[in-house]
Amino acid sequence: MDRIPLYFAFFNEIGIIAQLSRAAFEARLPDGLTVPHFSVLNHLIRVADGRTPLELARAFQVPKTSMTNTLTGLEARGLVEMRPNPADGRSKRVWLTAKGRRFRDDAIATLIPAMEGFAARFSPDDIGALVPRLAEMRAFLDAARDGAE
């Protein structure tokens with residue numbers, strides 16, 4: 001039971017880092033766009049587009065109505081395109097547009113100035129050592145969420 005405070009502190013620090021980085025990133029996004037908007041674009045690039053809104057809602061662990069709202073905002077800005085699902089004809093699939101891909105890349109580029117100070121304090125070796133372990137932890141938590149662990 002002694003370990004629990006250590007694990008709590010670990011996740012608490014990750015939560016604070018996520019909150020601080022989210023606020024800094026959102027301040028650099030164009031008016032009306034939020035981290036959830038960016039996150040959907042990033043997910044579609046990282047995992048592959050052509051997902052259904054329900055698949056996206058499950059991936060982000062949000063209600064389908066929340067995902068629909070996020071997708072509506074992205075579609076209104078021409079960043080994604082909703083197409084009929086050829087598998088059933090009733091649902092839709094979400095596809096990135098060229099504008100959406102550019103927006104995602106441009107959004108990442110806006111972070112460069114903010115990252116300069118961070119990069120001056122934490123070397124690529126420091127970060128390079130952490131990323132694989134954090135990815136392993138994320139994969140474990142993903143699997144546990146889906147009932148595989």
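Here are some notes:
- Scanning the range 115-143 for residues that are assigned to a helix (DSSP H, G or I) and over 21 Å from F25 (Cβ atoms) gives D125, G128, A129, P132, R133, E136, M137, A139, F140, L141, D142, A143.
- Pair list, Cβ under 8 Å, 6 or more apart: the range 30-52 residue in contact (Cβ under 8 Å) with a residue 40 or more places away in the chain, other residue of a type in the set (S, T, Y): H37/T70; V40/T70; T52/S91
- Looking only at residues of the range 50-77 that are assigned to a loop (DSSP other than H, G, I, E, B) and of a type in the set (V, I, T), we find that the one that is surrounded by the most Cβ atoms within 10 Å (Cβ to Cβ) is T52.
- Taking the numbered list (1) in contact (Cβ under 8 Å) with a residue 60 or more places away in the chain; (2) within 30 Å of Y7 (Cβ to Cβ); (3) within 14 Å of the chain's Cα centre (by Cα) in turn, R145 passes all entries but (3).
- Within the range 32-77, considering residues that are among the acidic types (D, E) and under 25 Å from L111 (Cβ atoms), the one modelled with the highest pLDDT: E75
- Restricting the range 83-120 to residues that are β-branched (V, I, T) and at pLDDT 95 or above, the residue that is surrounded by the fewest Cβ atoms within 10 Å (Cβ to Cβ): T97
- V80 being closer than 30 Å to I112 by Cβ, over 14 Å from the mean Cα position of the chain (by Cα), surrounded by 18 or more Cβ atoms within 10 Å (Cβ to Cβ) and at pLDDT 95 or above: yes
The values are calculated or read from the model by the stated rules, or taken from the named source; none is laboratory data. Bear in mind the structure is a predicted one, so any value in this text is a computation, not a measurement. Cβ atoms come from the backbone with ideal geometry, glycine included; neighbour counts cover every protein chain shown.
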